[in-house]
Amino acid sequence: MSRPIVIENASLYGDTTASLLIEDGVITKVADAIDAPDDAVVVDATGLVALPGLVDLHTHLREPGREDAETIETGSRAAARGGWTAVFAMANTNPVADTAGVVEQVWSRGREIGLVDVFPVGAVTVGLKGEHLSEMGAMANSKAKVRLFSDDGVCVYDPVIMRRALEYVKTFDGAVVQHAQDLRLTDGSQMHEGEVSAELGLAGWPAVAEESIVARDALLAEHVGSRVHVQHLSTAGSVEIIRWAKARGINVTAEATPHHLLLTDESARTYDPLFKVNPPLRTQSDVEALREAVADGTIDIIATDHAPHASEDKDCEWAAASFGMLGLETALGVIQKALVDTGALTWRDVARLMSETPARIGKVDAEHGRPLAEGEPANITLVDPTAAWTVDGAQLASRASNTPYGGMELPGRAVATLLRGVPTHLDSQLEGAFA
Amino acid sequence: MRHLLSTKDLTRDDAILILDTAAQMAATQDREVRKLPTLRGKTVVNLFFEDSTRTRISFEAAAKRLSADVINFSAKGSSVSKGESLKDTALTLQAMGADAVVVRHWASGAAYQLAHGGWLHGSVLNAGDGTHQHPTQSLLDAFTIRKHLVTDPTGNDLTGLTVAIVGDVLHSRVARSNVHLLHTLGAKVVLVAPATLVPVGVEPWPCDVVHTLDEAIETYDIDALMMLRVQRERMTGGGSAFFPSPAEYTRLFGLDGDRLRRLPDHAIVMHPGPMNRGLEISAEAADSPRSVIVEQVANGVAVRMAALYLLLAGEEGAQ
């Protein structure tokens, strides 16, 4: 039996102040004031925002295969420190998560570590090659109960394969999660195609290569009556297409990453591969369109696309470097900086975008993204919106250090993360209470 | 000036200083003893990640005529092919005490990374990085244009002149370097290329863009016509080719005798080399009295001497 926890005077969703009693992994009481049981841990949460534990629909944990960049253990620790209680691990590991065996291994390793619920995403096609559907049914029926399928890292490019996948996942109420990228239009591409790429002499990744696939897949989802989730939306045009598709009643959801909401292609001028990511950082007007879409609900969720890479894959020429950047530990701070402090989002919106809706899309909403209410599982993130910090890649919990935010000051951070009532992350200021 | 990475970094005064210094260097090359003692004791490393015998020997000649010690370092392969990384190479050169590193690399930005990576302390001179920049090529082009077309070259820029650059602008570091440098020096720049070979995002460049050579000749009073090298494989790359055929390229963009005669009498013909005779330039044009192509090579040594001199001489105490 773990000790009860009383969280006193937290600002629930940033708008109502209340105290929470947590017993046996469940929120058992929400009230203005709670008489703490004798053996309780009492946390003074004055000034802290309580959110339902964050759910990242887009994480790369690299295990199995690239344990030099990240493991399920180091990635879980990074997630807990970032305020996440659940992460969806992408399938582009080695071996690829395209069988029940691999997804069960990832799932049970996540359980064993216990810092965050790890939900494996299954590959749509065998080996991510885009040629044959993987045995999605076996993955869905495994212990990992996979509901999301993605070839993330590569696009499911063949329209017939995409159609079949969309149809097939209906069997188990799954969704196809698409990395929208026309492969032919982006052969050899290095960064957003526009004025900056023209000057820098780096091969361009045109916006249309994303938008054409987003449009195609929305239409395919409509045609076969299935559900598609579009990852890391990066362009103003994609936003318009999603807006149109939703107005038409198509069952499409979309995500944006913190980096696409803050950074632009201008950062490529440093030729520092820390800024190399796929899809690439776009222009300021794309950033503004994405922010607006996050605020008005066109974009459903924020997901990190946390992509650890070993230093030798980043400490090299831009063209030789791998795509991707860390995100788990910086996401909350970046979103606060880009959207909360600018007035575009409230903390209640953040709860929706980073916990409730991703849990629903991922079909884990019985456990995650629950209300902060009596009887609900105690998956809780406490945010200190005044705990400014300066990002240092070497200090992050990830095994890799490829953050694009090194040296940047972020306004706030998660100071405690509870997974079913168990603290998986405690900032030093709160450690005393639990001692 | 600490490094020479991009012509975009050069002010008009910087550029004119380099050209004037190059003129002085060129003058010394007519003497019986051409070697100057200026950089005695300095070590210049030619670091070539991409083959280019012409550029390498031009830099080697420049450094040697200034009495620098020259080390040629051919780093074939790349971190893509799991050769030595740029960083490790840089650390090696730093350990050897390179005062200047002349770098040619297949990757855009490699020279910038060498200069700003914190790996080495010497000056970095970009001898061509990917499809980004090749500043000494454009400086030698500007030098050649000024020498031929400006009455009193020393101290003066290229105001009033029109330079047309013809060919594969998209993949050309020579074009990118020249657009900025020639504009900084007051010239009007016209890019002549099919739209497939002009980068998306060209709009802010300080130049005009036209899509056939005939249109360029009819529309502008061209003082210098610079033909870019066209890679045959870009014409015939199956479904992703940038152009239907070499023959069509030659018809629309090749410089032949007929087009040569329609240029103003004083106009000069340039090419950064190596030429594809019969593709972008006919033998008649290449070998005509208007052609300054061989002279460009000679001017290349003088310009590189000037660049090395300005980067390295008298830098003591500046660190």
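The values are calculated or read from the model by the stated rules, or taken from the named source; none is laboratory data. Fair warning: this is a prediction, and the values are worked out from it, not measured in the lab. Because the Cβ atoms are built from the backbone with ideal geometry, glycine has one as well, and the counts that use them run over all protein chains shown.
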May I ask you to say which residue of B:ASP14, B:ASP9 is closer than 30 Å to B:TRP205 by Cα, without any contact (Cβ under 8 Å) to a residue 60 or more places away in the chain and within 14 Å of another protein chain (Cβ to nearest Cβ)?
-> B:ASP9
Scope the stretch A:52-81; condition small (Gly, Ala, Ser) and under 14 Å from A:ASN92 (Cα atoms); matching residues | A:GLY65, A:ALA69
Sort out which residues of the stretch B:1-37 are assigned to a helix (DSSP H, G or I), more than 21 Å from B:VAL124 (Cα to Cα) and either of a type in the set (A, V, I, L, M) or touching a Leu at 6+ places or on another chain (Cβ under 7 Å) (or both), and write them in order of number.
-> B:ALA23, B:ALA26, B:ALA27, B:THR28
Qualifying residue in the stretch A:358-371 (condition: in contact (Cβ under 8 Å) with a residue 24 or more places away in the chain, crowded, with 24+ Cβ neighbours inside 10 Å and either within 14 Å of another protein chain (Cβ to nearest Cβ) or closer than 29 Å to A:ASP265 by Cα (or both)) = yes
Being in contact with a helix residue (DSSP H, G or I) (Cβ under 7 Å, 6 or more places away or on another chain), within 21 Å of B:THR159 (Cα to Cα) and modelled with pLDDT of 95 or more narrows B:ASP223, B:ASP256, B:ASP208 down to just B:ASP223
Considering residues that are assigned to a loop (DSSP other than H, G, I, E, B) and away from every other protein chain (no Cβ under 14 Å), the number found within the stretch A:266-295 is 4
Has the stretch B:149-170 got at least one residue that is closer than 26 Å to B:THR250 by Cα, in a loop (DSSP other than H, G, I, E, B) and at the interface with chain A (Cβ under 10 Å from one of its Cβ atoms)?
-> yes
Only one of (1) part of a loop (DSSP other than H, G, I, E, B); (2) in contact (Cβ under 8 Å) with a residue 60 or more places away in the chain; (3) not assigned by TED's automatic domain parsing to the domain that holds A:HIS260 is not met by A:HIS309, so which one is it?
-> (3)
Checked the stretch A:195-232 for anything farther than 27 Å from B:GLY109 by Cα and either part of a loop (DSSP other than H, G, I, E, B) or not assigned by TED's automatic domain parsing to the domain that holds A:THR357 (or both); matches are A:GLY225, A:SER226, A:ARG227, A:GLN231
Return a yes/no flag: does the stretch A:189-209 have any residue that is away from chain B (no Cβ under 14 Å) and crowded, with 18+ Cβ neighbours inside 10 Å.
-> no
Identity of the residue in the stretch A:22-72, polar (S, T, N, Q) and part of a loop (DSSP other than H, G, I, E, B), that ends up surrounded by the most Cβ atoms within 10 Å (Cβ to Cβ) | A:THR71
Determine which member of the set A:THR342, A:THR298, A:THR304 is of a type in the set (S, T, N, Q), touching a helix residue (DSSP H, G or I) at 6+ places or on another chain (Cβ under 6 Å), more than 14 Å from chain B (Cβ to nearest Cβ) and free of Cβ contacts under 8 Å to residues at least 60 places away in the same chain.
-> A:THR298
